[in-house]
Amino acid sequence: MFPPVRRMTPGFFQRDAALVAQDLIGAQLLVRGIGGIIVETEAYAPDDPASHSFRGPTRRNAAMFGPAGHAYVYRSYGLHWCLNIVCNPGHAVLFRALQPTEGLAEMAQRRGTDSLRALCSGPGELCAALGVSGSDDGAAFDGSSFSITPAPPAPAPRASVISGPRIGISRGTEIPWRFGLHGSAFLSRRFPAPD
């Protein structure tokens, strides 16, 4: 489905997170050979009150101010790991959901479910299925352990990308920086119907 050797260059990620988040929909994410098609993302920026970078660099968010194309991994509410990719300084894209395609048996074992739709249907579920943990914070998406392969070109690639308010946050909820693949059965939650 995807060309085996094409990879995103660091320049692809050296942009605002909202642009990168849209362009990642339909790409393939693999962590140590396990993963699938990116069907849902969320963008965060340094002037965004919901972003971990809003108050500036700290020990916890240091990766967000590091090189573009590297992982920012944090634990949400002390329960679940969440995987982001760093863009411009202070910008990051959260991977919210995948359509699983590679390493299905390992993902099912890690998650304790055979439901394909449930394997990667949220940031915590995605990290559990892919085996992502805090030790991956700062890792490079360079094709060794972490890789992203672009979606094949399409006549109108953004036509299938939908957007809406982010979820699971209490600030900046009005910013429509949650992006998804229209019609995907693997989203973490449905998008609101357009007005």
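The values are calculated or read from the model by the stated rules, or taken from the named source; none is laboratory data. Just so it is clear, the model here is predicted, and its values are computed rather than measured. Don't worry about glycine lacking a Cβ; one is built from the backbone with ideal geometry, like all the others, and counts go over all protein chains shown.
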Just wondering, is there one or more residues in segment 96-116 that are touching a residue at least 12 places away in the same chain (Cβ under 8 Å), of a type in the set (A, V, I, L, M), within 22 Å of residue 8 (Cβ to Cβ) and outside any helix (DSSP H, G or I)? yes
Can you tell me how many residues within segment 93-117 are of a type outside the set (S, T, N, Q) and within 27 Å of residue 19 (Cα to Cα)? 9
Can you tell me which residue among 71, 128 is surrounded by fewer than 22 Cβ atoms within 10 Å (Cβ to Cβ), outside any loop (DSSP other than H, G, I, E, B) and either modelled with pLDDT of 95 or more or on the phi < 0 side of the Ramachandran plot (or both)? 128
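Check 96, 111, 117 and return the single one that is surrounded by fewer than 17 Cβ atoms within 10 Å (Cβ to Cβ) and basic (Lys, Arg).
Working: 96 fails: surrounded by fewer than 17 Cβ atoms within 10 Å (Cβ to Cβ); 111 fails: surrounded by fewer than 17 Cβ atoms within 10 Å (Cβ to Cβ).
Exactly one residue qualifies, and that residue is 117.
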Within segment 37-48, is even one residue surrounded by fewer than 22 Cβ atoms within 10 Å (Cβ to Cβ), closer than 24 Å to residue 190 by Cα and in contact with a helix residue (DSSP H, G or I) (Cβ under 8 Å, 6 or more places away or on another chain)? yes
Consider only pairs whose beta carbons are under 6 Å apart and that are at least six residues apart or on different chains; among these, list those whose first residue lies in segment 130-145 and is closer than 18 Å to residue 68 by Cα and without any contact (Cβ under 8 Å) to a residue 40 or more places away in the chain and whose second residue is surrounded by 14 or more Cβ atoms within 10 Å (Cβ to Cβ) and β-branched (Val, Ile, Thr). none
Are there any pairs with C-beta distances below 8 angstrom linking a residue in segment 25-54 that is at positive phi to a residue that is among the polar types (S, T, N, Q) and assigned to a loop (DSSP other than H, G, I, E, B), with the two at least 6 apart or on different chains, and if so which? 32/145
Residue 179 surrounded by 14 or more Cβ atoms within 10 Å (Cβ to Cβ) and at pLDDT 95 or above: yes
